[in-house]
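Below is one structure; the comments refer to it alone.
The values are calculated or read from the model by the stated rules, or taken from the named source; none is laboratory data. Since this is a predicted model, take the numbers as computed values, not measurements. Ligands, DNA and RNA are stripped out before the accessible areas are found, and what is left, the full protein with its side chains, is counted by its heavy atoms. Shrake-Rupley method; radii C 1.70, N 1.55, O 1.52, S 1.80 Å.
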Amino acid sequence: MTSDSPSPDRLPHAEGPSRMEYPIRVLFLCTGNSARSQIAEALLIKKGGARFLVASAGTNPAPQVRAEAVAALATAAIDWSTATPKGIDCVLE
């Protein structure tokens, strides 16, 4: 940031009623909810903490989360072994 740049708390998008409030709701939506959307959900939960309310769902949920997704998350020290694919109806309010 240069001396001519405003500080982040002075940017127009960070002022007044338009200021983003936490937690930010995020939905990762895909077809089967068995791999990439599950990985995205797990990573944002781990990295985003309380700033995000995270869910994932599929339009046609698979019977189970793919073993490759669970293994990939394990390399990031995330145990996703009990996760199950969810349909859109499970995450809508």
Within region 59-93, of all residues that are among the aliphatic types (A, V, I, L, M) and not in a helix (DSSP H, G or I), the one most open to solvent (accessible area, probe 1.4 Å) is Leu92
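Sort out which residues of region 47-92 are of a type in the set (D, E, K, R) and within 17 Å of the chain's Cα centre (by Cα), and write them in order of number.
Our first condition is that a residue be of a type in the set (D, E, K, R); within region 47-92, this holds for 47, 51, 66, 68, 79, 86, 89.
Hits for region 47-92 are Lys47, Arg51, Asp79, Lys86.
Take the residues in region 33-50 that are assigned to a helix (DSSP H, G or I) and of a type in the set (A, V, I, L, M, F, W, C), then tell me which one is farthest from Leu73 (Cα to Cα).
Initially, region 33-50 is screened for residues assigned to a helix (DSSP H, G or I), giving 36-50.
Okay, now just the ones that are also of a type in the set (A, V, I, L, M, F, W, C), so 39-40, 42-45, 50.
Details: Ile39: 7, Ala40: 10, Ala42: 8, Leu43: 8, Leu44: 12, Ile45: 12, Ala50: 20 Å.
Result: Ala50.
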Restricting attention to region 52-93, the residues that are of a type in the set (D, E, K, R), closer than 17 Å to Pro23 by Cα and at pLDDT 95 or above number exactly 0
